[in-house]
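Asker: Mind having a look at this structure? Questions to follow.
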Amino acid sequence: MKRLLIAAAAAALSLAACVKSPEQDTYKGPYDVYVGTVKVDSKDGNTYYNENIKVAWRTPAGGPDELAIYQIKFVPAMPVTINVSIPGIVATEQEDGSIRLDCPDVDPWALGGPYPKYRVSGFSGSVRGDRLSFKLLFGATPTEFEGIKE
């Protein structure tokens, strides 16, 4: 029985290793990093502010843009910090020189794979000068970011 459990665990790890996370992709050229605050309106009725959070706006080779949020705990009770990527970002330059960011409903990537439990919806954002801001729902949780280019 013990051997069966070890074999099953090894198979699961091998399968997980085959899942390509956004962190493993090759990126075209440099990407922009912004540092700012993530505001989360939690299910418990409290609003949490995560300060000095880095968000990278990057383009994976052969794919659409994505935003990657680094080392975040969405609520203080989270036991660890995680990296979360939001794929499928569409950037559109506006007449005033700003950039509008949109994203269809999409599963974010976290912990090595897609995370459908916290599907991204209602995404809207912009880049104005050296400032990035966006808001979205992670599942049913309203989340916002505001930051300045590093």
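Asker: Along each of the three principal axes of the Cα atoms of the range 21-150, give the extent in whole Å, ordering the values from largest to smallest.
Answerer: 40, 31, 26
Asker: Name all residues of the range 124-144 having a backbone nitrogen under 12 Å from the label point set 7 Å from the Cα of D96 along its Cα→Cβ direction, giving them as ranges.
Answerer: Counting backbone N atoms under 12 Å from the label point, the list is 126-129.
Asker: Kindly write out, for the range 84-99 in residue order, the coupling ³J(HN,Hα) from the Karplus curve 6.51 cos²θ - 1.76 cosθ + 1.60 (θ = phi - 60°), rounded to whole Hz, with x marking Gly and Pro.
Answerer: Each residue of the range 84-99 in turn: 10, 10, 10, x, x, 6, 10, 9, 10, 6, 9, 4, 7, x, 7, 10 Hz.
Asker: Tabulate in residue order the Karplus-calculated ³J(HN,Hα) for the range 122-132, using 6.51 cos²θ - 1.76 cosθ + 1.60 with θ = phi - 60°, rounded to whole Hz; enter x for Gly and Pro.
Answerer: Once rounded to whole Hz, the list reads x, 6, 8, x, 7, 10, 10, x, 9, 10, 10.
Asker: If you stretched the chain out fully between I82 and D105, how much longer would it get, using 0.36 nm times the residue separation minus the C-alpha to C-alpha distance?
Answerer: 6.2 nm
Asker: If you don't mind, another one. Could you work out the Kirkwood radius for the range 66-109, taking every pair of different alpha carbons, averaging 1/r and inverting it, reported in Å?
Answerer: Numbers: mean 1/r = 0.0813 Å⁻¹.
One over the average 1/r among Cα pairs gives 12.3 Å for the range 66-109.
Asker: Sort E93, E51 by heavy-atom solvent-accessible area, probe 1.4 angstrom, most to least.
Answerer: Details: E93 140, E51 120 Å².
Sorted by accessible area, descending: E93, E51.
Asker: OK, next. Could you tell me whether the range 31-81 comes out rounded, prolate or oblate from its Cα gyration tensor? Rule is a ≥ b ≥ c as square roots of the eigenvalues, rounded for a/c under 1.5, then prolate if a/b exceeds b/c, otherwise oblate.
Answerer: prolate
The values are calculated or read from the model by the stated rules, or taken from the named source; none is laboratory data. A quick note: this is a predicted structure, and the numbers were derived from the prediction, not measured. Every residue, glycine as well, gets a Cβ built from its backbone with ideal geometry; the counts of neighbours run over all protein chains shown. Just so you know, the surface numbers come from the protein's heavy atoms only, side chains and all, with ligands and any DNA or RNA stripped out. Shrake-Rupley method; radii C 1.70, N 1.55, O 1.52, S 1.80 Å.
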